[in-house]
Amino acid sequence: MSRKLYVNTTINGEEIEFLCEPRQSLLEVLRDDLEMTGTKEGCNDGNCGACNVIMDGVLMNSCLVLAAEAQNRNISTIEGLATPQGLHPLQQKFLENASLQCGVCTPGFLMAAKSLLDHNPDPTEHEVRHWLAGNLCRCTGYDKIVRAVCDAADVVKETA
Amino acid sequence: MSATSTSVNGNGKYKVIGTRPIRPDGVDKVTGRALYGIDMNLTGMLYGQILRSPHPHARIRGIDTSKAAALEGVRAVVTAKDLPPAGADEVISLVEGTFRLTHLRSNILAGDKVLYQGHSVAAVAATSLHIAEEALRLIEVDYEILPDVVDVVAAMQEDAPLLHDDLTTQEFGEDSGKKSNIASHIQFKLGDLEKGFAESDIIVEEEFNTASVHQGYIESHNATAEWKTDGQLTVWTSTQGAFGVQKQTAGILGIPVSKVKVVPMEIGGGFGGKIPVYLAPQAALLSKLTGRAVKIVMTRTDVFQSTGPTPASYVKVKLGADKTGKLLAAEANIAFAAGAFPGSPIGAGAVCVFSCYDIPNGLVNGYDVVLNKPRSAAYRAPGSTQVNFAVETLVDEIAEKLGMDPIEIRLLNAAEEGMRRVDGAVYPRIGCRETLEQARAHEHYQTPLTGPHRGRGIATGFWMNAGLKSTVTASVNEDGTVNLMEGSTDIGGSRASIAMQFAEVLGLPAEAINPMVGDTSSVGYTELTGGSRVTFATGWAAYEAANEVKRILITKAALYWEAKVEEVRFEDGDFIHASDPEKRLSFKELASHLVDLGGPVVGTGAVDPDSGVGGSFTTCLADVEVDPETGKVKILRFTMVQDAGTAIHPSYVEGQMQGGSAQGIGWALNEEYFYSEGRMKNASFLDYRMPTCLDLPMIETVIVEVPHPQHPFGVRGVGEASIVPPPAAIANAIYDAVGVRLRDLPMRPDRIFSACLEKQAATVAT
């Protein structure tokens, strides 16, 4: 067995250290070692977006990032989206719009949408669809997801 | 954003039903806290992996697991030899499919033959997933490769390679004794077919083919098992039905159901695919050998190659009509690719094929055919979409030939109360006509479509919906809330729709109900989440439980007032003393006194309703634009109309309609198992192309409410019928756009492009 690597990183604002094998993905370490199972695995080959996290401001499929690459990075996961004060407007609008059915793709969609609003606070419907095209949802037909993201953008703009 | 959703809410009769509260499990699901099957983690847990056949058809001469077993970190390896001896065979019936125990057993660990690429051969448990994967590469299997067949028509031929030595055709329910890949041949007859065609002024007849498609749930199959030394086995899994997993697992392992507890975790999609067991028995065997919990999660490739697909089909339909467009005769020959083991939804296909129309003379022949593909599973309205594609295309052709509006011809022939279907069933009150009328009246249909290469199509679909067994137990809390334990796993918001029906009876706000999904040890027997049955049947159980709570609380109020039970009545959420109207207790007030009134109040609803044959009808409108240079189809606008009976939570009814529409669009245009040399070549989400949000417009919905005649709130299941008409509607729209009829699904760009070229060539030639 290969030697484990030491990694020091920041996840949801907290400094975290872990040991990992060189072959482990960030997704695997998040879920199996750090027990942060909010980030979901759908395909493990970068084609569904269920494992989306934001790393140094960039939206990533965490299944395509090696855990060792997390060294000195700043990572946001679904577990950090809400605060003790309440849900993020995206989460609130997903609930109000009934944007989830089974909910397993939801964390990935929320992180992708968060990344969108960070880059573009006033997206058109087409821009929302274009940005979220890396995320698969099989339950909703996307209608209510797109509406929730547009609604949340309005809230974020008002409170900015 | 264009597009609106419209509904006729609750027929105005209800307080809670028809509103849109936030789902009880919502916060957990938007914060990442909800625990799905894939999220299981137990102390000392081992990771399992499955070795799968690379060949579509081969005899297993031998398996050598010694090198794998010797790898550091590997704790156990199992093959079919480790299964307990097969007991008596049993047919397990689970709502949308029947499962023969011997077939389930051969499917989860192959015996002497592998029957498809991806067939499970051995299972390994190791201290890490990576070690388990390495171990798989060390297992040596000696295969004798056999000829394979993956095409349904080819598999039916006399000289086709046979999958099972002992399979003989069941001809109209009787064993024909004839060895064949045709597992069964069923037939429905109505009226006088020859007379019907003889009286017809116009007859159309065509052949259609549809490819295997997958349910495409985002969460992979998984199971975590812990088999303790006291003989008690616990399975945590993502399933549509915990009791079904219990029955199958116990049957395969040869132990009583009471020894198996199944805990249904949150489930990341199912659509019919998470009914059979694929992993629980192997995880259990590995746990027994190692004394540790074992978790197995499929890779996405395994999910495609080893689970699910809905049957590919060959469908030949002949329709006859008179000059006015009245359908007089209909004939269908339907062959479904069951996969490696019998059990495709051929019965459902044969029932659904002419279900939308009142046709006096009919004949339907259905064939269940085994071939070298994974065992097929239910997929949303199983069997209905394939046959609908054929019939709805031909109805469109008749309308065109007679110069009729496509909705008018459907209204002229629409199924109605009292009509006898080809399978003999007679419809009660149904909403087929209403969905057509709403579609015709919709702004979408009333707005002309303009522009080159653009077209509009319509189609109507049907699914029969199930009733069956459900249990709900309600306990009243002293703060006036209610804990609701129910047995239906929640795939799309059913905790909300069940709780709302409970709340309606007692005049409580939806938020006062705390619904929970029970495991097989904590709730009464409940059939799986499927057949569009949960809001109908488990909702009905909630209604019964609420009425029992109400009856008990009336006795408690009588006790409180020291009055006779007959003197207490329940009105608008309050308990009232009949002769002294000053005495009035709200549910919450009475609940706060329960501790002094003889203790706990628990109500149970245990039901087994017959849903009848009414089912749910859908009509959809599709506007498309075809790129003549590439054959690519863009969906410009899409509207789905469905009869929901009564919409309990309209947002989740719309959600079912929109989700089914998107799956139907994917089936129509992109999705297929692409085979070469018996092997699936596109087993990933990159190459198996499901619709993304960039491929779809907003999906407009119209909820029609023609109440179910028996259900206490008039609910009809809404989960499935929306997937049925989109392929035909899109095919009709493509014809309207570029004048070519597509008869094979998916309607890929290359097929449309070729059809356009052929049409051009034909035009030039004439």
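The values are calculated or read from the model by the stated rules, or taken from the named source; none is laboratory data. Every value quoted in this text rests on a predicted model; they were computed, and no experiment measured them. We place every Cβ from the backbone using ideal geometry, glycine too, and count neighbours over all the protein chains shown. Just so you know, the surface numbers come from the protein's heavy atoms only, side chains and all, with ligands and any DNA or RNA stripped out. Shrake-Rupley method; radii C 1.70, N 1.55, O 1.52, S 1.80 Å.
Summary table
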| quantity | calculated |
| --- | --- |
| Square roots of five times the Cα gyration tensor eigenvalues for chain B, Å | 42, 38, 23 |
| Full-stretch length increase - B:T43, B:A578 - with 0.36 nm per residue and alpha-carbon distance subtracted | 186.7 nm |
| Label-point separation in nm, B:S586 to B:D166, each point 7 Å along Cα→Cβ | 6.6 nm |
| Where labels lie 7 Å past Cα in the beta-carbon direction, separation of B:L71 and A:N72 in nm | 3.6 nm |
| Inverse of mean 1/r across different Cα pairs in the range B:143-300, Kirkwood, Å | 19.9 Å |
| Whole-Hz ³J(HN,Hα) from phi, Karplus 6.51 cos²θ - 1.76 cosθ + 1.60, for the range B:139-147, glycine and proline x | 7, 9, 10, 9, 9, 9, 6, 10, x |
| Centroid-to-centroid separation of the range B:84-112 and the range B:569-583 [C-alpha atoms, Å] | 56 Å |
| Where trypsin sites (Lys or Arg not before Pro) fall in DSSP loop in the range B:302-362, at most 10 other Cβ within 10 Å | B:K323 |
| Percent accessible area from carbon and sulfur atoms, the range A:5-80, protein chains only, probe 1.4 Å | 44 percent |
| Inter-label distance, nm, simple model (7 Å from Cα along the C-beta direction), A:N120/B:I22 | 2.8 nm |
| Size of electric dipole in chain B: Cβ of Lys, Arg +1 and of Asp, Glu -1, about Cα centre, debye, nearest 20 | 1120 debye |
| Dipole of the range B:653-703 [Lys/Arg +1, Asp/Glu -1 at C-beta], most positive-end residue of B:Q663, B:T692, B:G678 | B:G678 |
| Neighbour-limited loop hits for trypsin sites (Lys or Arg not before Pro), the range B:110-185 (at most 12 other Cβ within 10 Å; DSSP other than H, G, I, E, B) | none |
| 1.4 Å probe, heavy atoms, protein only - residues of the range B:28-69 losing at least 50 Å² accessible area vs chain alone | B:K29, B:V30, B:T31, B:G32, B:Y36, B:I38, B:D39 |
| Threshold 30 Å², the range A:32-68 residues less accessible with all protein chains present than alone (1.4 Å probe) | A:D32, A:T37, A:K40, A:E41, A:G42, A:C43, A:N47 |
| Nearby lysines by direct alpha-carbon distance to B:K759 (threshold 24 angstrom, same-chain neighbours under 8 apart not counted) | B:K316, B:K318, B:K401, B:K632, B:K634 |
| ³J(HN,Hα) computed for each position of the range A:65-79 - Karplus, 6.51 cos²θ - 1.76 cosθ + 1.60, integer Hz, glycine/proline x | 10, 6, 4, 4, 6, 6, 3, 6, 9, 10, 10, 10, 10, 4, 5 |
| Karplus-derived 3J(HN,Hα), 6.51/-1.76/1.60, for each residue of the range B:494-508, Hz, glycine and proline x | 6, 4, 5, 5, 6, 4, 5, 5, 5, 4, 4, 4, 9, x, 9 |
| DSSP beta bridge pairing in the protein assembly as shown, given as percent antiparallel to the nearest 5 | 75 percent |
| Equivalent ellipsoid semi-axes - Cα gyration tensor, the protein assembly as shown, angstrom | 39, 37, 30 |
| Chain A: relative contact order as a whole-number percent, Cα under 8 Å and 6+ apart | 23 percent |
| Measure of compaction for the range B:339-412 (Cα Rg per 2.2 N^0.38 Å) | 1.34 |
| Cβ-Cβ FRET estimate between B:E758 and A:T83, R0 fixed at 51 Å, reported to 0.05 | 0.25 |
| Simple Cβ-charge dipole of the protein assembly as shown, Lys/Arg +1 and Asp/Glu -1, about Cα centre, in debye nearest 20 | 920 debye |
| Residues of the range B:311-332 with amide N under 13 Å of the 7 Å Cα→Cβ point at B:D201 | B:321-328 |
| Rounded accessible area per residue of chain B, 1.4 Å, Å² | 34 Å² |
| Mean Cα-pair separation over length for chain B, i.e. relative contact order, pairs under 8 Å, 6 or more apart, % | 16 percent |
| Cβ-derived FRET efficiency at R0 30 Å, A:D45 paired with B:D142, nearest 0.05 | 0.45 |
| Rounded percent of accessible protein surface that carbon and sulfur make up, the range A:89-159, 1.4 Å probe | 50 percent |
| Violating pairs (Cα-Cα greater than 23 angstrom) within the set B:K15/B:K274; B:K195/B:K326; B:K550/B:K588 | B:K15/B:K274 |
| B:Y143 long-range amide H proximity, modeled H, under 5 Å | B:R61 |
| Theoretical gain in end-to-end length, B:E400 to B:E158 [0.36 nm per residue, Cα-Cα removed] | 83.2 nm |
| Area hidden from solvent between B and A (accessible, protein heavy atoms only, 1.4 Å, total, Å²) | 4600 Å² |
| Residues whose placed amide H lies under 5 Å from that of B:S488, excluding near-sequence neighbours | B:G518 |
| Residue-span extension gain [B:Q187 to B:D608] - 0.36 nm each, minus C-alpha spacing | 148.7 nm |
| Reduced Cα scattering model of the range A:89-159, Debye log10 I(q)/I(0), q = 0.15 Å⁻¹ | -0.39 |
| Antiparallel %, DSSP beta bridges [both residues in the range B:325-433], to 5 | 15 percent |
| Threshold 30 Å² - residues in the range B:207-244 whose accessible area is reduced by that much or more when the chain is no longer isolated, probe 1.4 Å | B:I218 |
| The range B:503-602: relative contact order in percent, alpha carbon pairs under 8 Å with at least 6 residues between | 23 percent |
| Cross-link partners of B:K81 among aspartates and glutamates (Cα-Cα below 14 Å; sequence separation of 8 or more within a chain) | B:D64, B:D112 |
| Cβ-placed point charges (K, R +1; D, E -1), dipole of the range B:343-415 about Cα centre in debye, nearest 20 | 480 debye |
| Loop-exposed trypsin sites (Lys or Arg not before Pro) per DSSP, neighbour cap 13 Cβ within 10 angstrom, longest uninterrupted part of chain A | A:24-160 |
| Fraction of accessible area attributable to carbon and sulfur, chain B (%, probe 1.4 Å) | 49 percent |
| Under-5 Å amide H pairs with B:Y357, H placed in peptide plane, nonlocal only | B:A415 |
| Loop-resident sites, the range B:640-713, for GluC sites (Glu not before Pro), counting at most 13 other Cβ within 10 Å (DSSP) | B:E677 |
| Among beta bridges that DSSP assigns inside the range B:214-296, antiparallel share in %, nearest 5 | 60 percent |
| Net charge contributed by nearby residues that have their C-beta within less than 10 Å of B:G660 (K/R +1, D/E -1) | 0 |
| Per residue value of the accessible surface for the range A:89-159 (all protein chains in place, 1.4 Å probe), Å² | 30 Å² |
| Charge-dipole axis of the range B:136-270 as Lys and Arg at +1 and Asp and Glu at -1 on Cβ define it, positive-most pick from B:H164, B:L138, B:V153 | B:L138 |
| Cα lying deepest toward the dipole's positive end in the protein assembly as shown, options B:W463, B:A644, A:A153, charges on Cβ | B:W463 |
| Calculated P(r) tail over 18 Å for the range B:665-766, as whole % of Cα pairs | 64 percent |
